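The values are calculated or read from the model by the stated rules, or taken from the named source; none is laboratory data. Computed from a predicted structure; not experimentally measured. Neighbour counts run over all protein chains shown; Cβ positions are idealised from the backbone, glycine included.
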Amino acid sequence: MSMPLWRTKPIAPHTDQQDGLKRVFGPWRLIAMGVGVTVGAGLFSLTGVVAGQNAGPAVTLSFLIAAIAASFAGLCYAELSGMIPAGGSAYAYAYAGLGEGTAWIIGWDLILEYTVGAAAVASSWSSYLASLLRGWGIIIDPRLLAPPSTPVTMPDGSTAHAWFNAPSIIIICAITALLMRGTSESARFNTLVVMLKILVITSMVVACVPFIQLSHFHPFIPPNQGEFGHFGPSGILRAAGMAFFAYIGIDIVSTAAQDTRDPQRNMPIGILGSLAACAVIYIIFSTMLVGVVDFHTLANDPSPVATAMDTVHMPWLAAIVKIGVTLGYISGMYGLLIGQSRIALNMARDGLIPPAFGRLNKRSQTPWTAHILTAIASSILAACLPIGALGAMTAIGTLLAFVIVCAGVTALRLRNPDVPRRFRVPGGPFLVPALGILSCGVVMASIGTMTWVRLLIWLVLGLVIYFTYSIKHSHLHNTPSRHNS
């Protein structure tokens, strides 16, 4: 019998058709979900923040670096999703290839990643909602639009301290209610929202191109300000780390295997299709944004799209774009919240967290407990923390998942070489996974110290839970003959 930390789940050639979840996703809906999550707060908010605080006009290079690193991980995700068509994303892949201890770490990391990611998207959404309503003459009290104690300017010009971000709580609860109604209905709605979002982005880019000023690209790489990550080459790397918030959609798609028809075929299509579409969108959009708006003014701007549209002096189009962006955020939160619930569902069914997280509502066939608890946690984070901290935590969690998935490809090629694979990473079991681990590791190293501290605290807390609860309740603990040594 192997050590508990290294016991692995057997690889099932097919998903369990009796898992209770409805199979509503085909390849196009998977791509829509991946694009919907990826083209959200990462594009509409963090693009401006990382341009203004880290990379300047070279933010385009940051997104290119992130896309290259993500492409290595995306290829690994595609192989594993076709080989292990089970829900749970990187968690399920690690359980089969690297053992229960690693699976727990990545599952616990994904819980943080998705919860914090949903909070970041909701926080950014509230800024766009306020900008949209302001254009209609409706003013939300600024103290209800920022984390506690944040200095805000009141309508009369005075300065006050914010109470909490109220709209973010409302939108998280609304989308959670939509998810609890059922996956089929929410998937159709999400696809429509993604189509609207792409239309809005295309219209915005076309409208802004004539207003691009070449002077905004000089210097393309602003000189470093004496601090790592504050412009210069290190700033490009720091921005690339934050840009990984943009590629969380790859992981989100892989959590939906249990909701997908023919997942061995459709999951690789959904993952690689999402990656390709989003890389192109981010590079074009970031180039347009810093060309229209001086990057210095974007450093603390939570709604750079609104700023860009106000700059081109087209009020009617600005209103349409702001409406589209405000509605478009729904698809981002939808993907993050559904991904979180599926991770919790699979960990509960493996016995690693309490079984309440794995119970489905009889009418809607959705995991209500996981949805409700995720909504509560995300609402608190969105109401109380700034988007920069939330985005950094999401990015480092995504990178850690990517590293483990890349390692999982190599481990499973060596451990289970004969298991059928609908898609194989080119170059053998070592080249692409090693490049993925190296590139993601370099970008992780560029992320700020406090983000690392928060991640380590969360992982230590998770290990305490694992050794006091999960290791004893694991289903493999009671059926040791099923796992590999």
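General observations
- Summed over the stretch 348-398, residues that are part of a loop (DSSP other than H, G, I, E, B) and either within 26 Å of residue 9 (Cβ to Cβ) or among the acidic types (Asp, Glu) (or both) total 10.
Condition check ((1) farther than 30 Å from residue 466 by Cα; (2) buried (at least 20 other Cβ atoms within 10 Å of the Cβ); (3) polar (S, T, N, Q); (4) over 13 Å from the mean Cα position of the chain (by Cα)) across all residues:
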position	(1), (2), (3), (4)
104	no, yes, no, yes
112	no, yes, no, no
115	no, yes, yes, no
126	yes, yes, yes, yes
130	yes, yes, no, yes
135	yes, no, no, yes
142	yes, no, no, yes
148	yes, no, no, yes
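- Considered as a group, the residues in the stretch 283-327 that are among the hydroxyl-bearing types (Ser, Thr, Tyr) and under 14 Å from residue 130 (Cβ atoms) include one that is surrounded by the fewest Cβ atoms within 10 Å (Cβ to Cβ), and that residue is 307.
- Residue selection: residue 96 satisfies the criterion of being touching a strand residue (DSSP E or B) at 6+ places or on another chain (Cβ under 7 Å), over 23 Å from residue 277 (Cα atoms) and modelled with pLDDT of 80 or more.
- Qualifying residue in the stretch 322-341 (condition: touching a Pro at 6+ places or on another chain (Cβ under 7 Å) and in a helix (DSSP H, G or I)): yes
- Single match in 179, 199, 192 (criterion: within 22 Å of residue 305 (Cα to Cα), of a type outside the set (Phe, Trp, Tyr) and either modelled with pLDDT under 80 or buried (at least 16 other Cβ atoms within 10 Å of the Cβ) (or both)): 192
- Looking across the stretch 342-357, the residues that are surrounded by fewer than 24 Cβ atoms within 10 Å (Cβ to Cβ) and either over 19 Å from residue 178 (Cα atoms) or of a type in the set (S, T, N, Q) (or both) come down to 348, 349, 350, 351, 354, 355, 356.
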